[in-house]
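Chemist: Have a look at this one.
The values are calculated or read from the model by the stated rules, or taken from the named source; none is laboratory data. These numbers were taken from a predicted model, which means no experiment stands behind them. Glycine also receives a Cβ, built like all others from the backbone with ideal geometry; neighbour counts cover every protein chain displayed.
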Amino acid sequence: MSDLRSVRARVERQRREVRRRRAVLGLSVLAIVIGLVVILQAGDSGGGVSDGGPPAEATVSTSGDILIHSPVWYRAIENGGGAYDFAPMFTAIEPYVRDVDLSICQMETPLTSGEPSGYPLFATPLEIASDIEEAGWEACGTASNHTLDRGEEGVVETIETLRGEGIETTGSAVEPEDSTKPLVMDAGRIEVGLVAYTDYTNTGAPPDESTLNLLPLEAPVGEKKRRVERDVERTLQAGADTVLVIIQWGDENSTEPNESQRELAEAVTRIPGVAAISGQGPHVVQPIERVNGKFVAFSVGNLLSNQSVAAGLPAETQYGLIALFRFRSDGGKTEVTAVDYVPIWVRPGDYLVEPVGWGLKNDPANASYLQAAWESTVSIAGEGPGIRPIPDEL
């Protein structure tokens, strides 16, 4: 009997050991499964960041007007040995275009397959589209006072050519249904919506209001706010975590925002879902400020043009900045936490767009002009909490 009890006891110990090992194995498998689910959820989080997840950060760059005057396109012909080649003009700024999460250009003028033309009715060679893509821009605002310089044909050629190069557009439309189609772009793990407008045109109202996103100067600010509010809501419903608003507005060659700009900024920054405003149009830099807690770059100036003192215009038209909007998404809230900016200067002759810091190292012959560009831009754009020039000192 004692031998039998001994055998039963040994068997029972073995059974308990098996049950223990199975329990441990089950817990291990469960832990692995839970870990995999967490990893998959994090990897499949898309643009948004769920409550309790790690915050997401992204940098979105915007830049000033691409305004192609005849000396600029003649230089492009020289660059290409008889064919248009604007690419060399953008090489120095590529780190702020290609090496960010999302980069947006401002195509001030319509593109054309015909003969190019300058002021007052612009038409820019189609070839610039491939050079914009090569530089690294992923989207372009196409709403400006020059959008309709070549009528609806110019609108069509501009949009179709840019999109043919893989560059998204916002601000004008080929078909009525396109004018209400939201544009949502990936910026790392943050989905950023883009909407673009202009406050006037050189040629009057568009023949069809769906052709161009127009916020008429003479319209009441409440009416303009409702238009933007509708577009922002539609963009959020399409999957954007937040929306960056791009506006062509303000007085040309003025370094101060006018009353209309300030009224519209006050209204638009109160719209839920709007992260920030990037402004163009005055051809010179204007301040970067917080309005209702949101950043507004009232004007980032020009990017590429022939405007300068030599052309009979203020020196500030030869300067500009590339704005780097620092987005952060955490706990379901997405906002812009800072705006760093890169002062730039357009070198006469070859129209190389030079970031001042880069230029001081690589173009010492023009150090005095570069320093003047930095000092002017920083004095106007400003410095302070969340607002910083790159470099922050010379």
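Chemist: Can we say Q261 is outside any strand (DSSP E or B) and closer than 22 Å to V60 by Cβ?
Modeler: yes
Chemist: Okay, moving on. With the structure loaded, tell me whether A297 is out of contact with any Leu (no Cβ under 6 Å at 6 or more places or on another chain), on the phi < 0 side of the Ramachandran plot, of a type in the set (G, A, S) and surrounded by 17 or more Cβ atoms within 10 Å (Cβ to Cβ) or whether it fails that test.
Modeler: yes
Chemist: Could you check S308 against (1) of a type in the set (S, T, Y); (2) over 16 Å from I68 (Cα atoms); (3) surrounded by fewer than 24 Cβ atoms within 10 Å (Cβ to Cβ) and say which number it fails?
Modeler: That leaves (2) as the condition not met.
Chemist: Something else: Output the number of residues of the range 283-299 satisfying the condition of being touching a Phe, Trp or Tyr at 6+ places or on another chain (Cβ under 9 Å) and either of a type in the set (D, E, K, R) or in a strand (DSSP E or B) (or both).
Modeler: First, pick out the residues of the range 283-299 that are touching a Phe, Trp or Tyr at 6+ places or on another chain (Cβ under 9 Å): 284-289, 295, 297-299.
Now restrict to residues that are either of a type in the set (D, E, K, R) or in a strand (DSSP E or B) (or both): 285, 288-289, 295, 297.
Looking only at that region, the number is 5.
Chemist: Only one residue in G250, G239 is under 26 Å from L121 (Cβ atoms), at pLDDT 95 or above, part of a loop (DSSP other than H, G, I, E, B) and in contact with a strand residue (DSSP E or B) (Cβ under 8 Å, 6 or more places away or on another chain), so which one is that?
Modeler: Values: G239 fails: under 26 Å from L121 (Cβ atoms).
Of G250, G239, the one residue that is under 26 Å from L121 (Cβ atoms), at pLDDT 95 or above, part of a loop (DSSP other than H, G, I, E, B) and in contact with a strand residue (DSSP E or B) (Cβ under 8 Å, 6 or more places away or on another chain) is G250.
Chemist: Condition first: modelled with pLDDT of 95 or more, buried (at least 23 other Cβ atoms within 10 Å of the Cβ) and within 30 Å of A267 (Cβ to Cβ). Can you find one or more residues in the range 353-363 that meet it?
Modeler: There is no residue in the range 353-363 that is modelled with pLDDT of 95 or more, buried (at least 23 other Cβ atoms within 10 Å of the Cβ) and within 30 Å of A267 (Cβ to Cβ).
Chemist: Moving on to the next point. Residues in the range 366-386: is at least one in the same structural domain as A76 (by TED's automatic domain parsing), in a strand (DSSP E or B) and surrounded by 18 or more Cβ atoms within 10 Å (Cβ to Cβ)?
Modeler: No, the conditions are met nowhere in the range 366-386.
Chemist: Would you check which residues across the range 34-74 are at pLDDT below 95 and under 20 Å from the mean Cα position of the chain (by Cα) and list them?
Modeler: Residues satisfying the conditions are G46, G47, G48.
Chemist: Now a separate question. Any residue in the range 268-277 that is in contact with a Phe, Trp or Tyr (Cβ under 6 Å, 6 or more places away or on another chain) and either touching a residue at least 60 places away in the same chain (Cβ under 8 Å) or among the acidic types (D, E) (or both)?
Modeler: Taking every residue of the range 268-277 in turn, at least one turns out to be in contact with a Phe, Trp or Tyr (Cβ under 6 Å, 6 or more places away or on another chain) and either touching a residue at least 60 places away in the same chain (Cβ under 8 Å) or among the acidic types (D, E) (or both).
Chemist: Of I77, I104, which residue is at pLDDT 95 or above, crowded, with 22+ Cβ neighbours inside 10 Å and either in a helix (DSSP H, G or I) or not small (G, A, S) (or both)?
Modeler: Going through I77, I104 in turn, just one is at pLDDT 95 or above, crowded, with 22+ Cβ neighbours inside 10 Å and either in a helix (DSSP H, G or I) or not small (G, A, S) (or both): I104.
Chemist: Follow-up. Just need a number here: residues in the range 233-242 that are within 18 Å of S172 (Cβ to Cβ) and among the β-branched types (V, I, T).
Modeler: Here the count works out to 1.
Chemist: Still on this model: Go through the range 113-217 and tell me which strands (runs of 3 or more DSSP E), entirely inside it, have 1 or more residues that are surrounded by fewer than 19 Cβ atoms within 10 Å (Cβ to Cβ) and in contact (Cβ under 8 Å) with a residue 60 or more places away in the chain.
Modeler: 183-187
Chemist: If E168 satisfies all but one of (1) farther than 30 Å from P55 by Cβ; (2) touching a Cys at 6+ places or on another chain (Cβ under 8 Å); (3) of a type outside the set (K, R), what's the number of the condition it fails?
Modeler: Single failed check for E168: (1).
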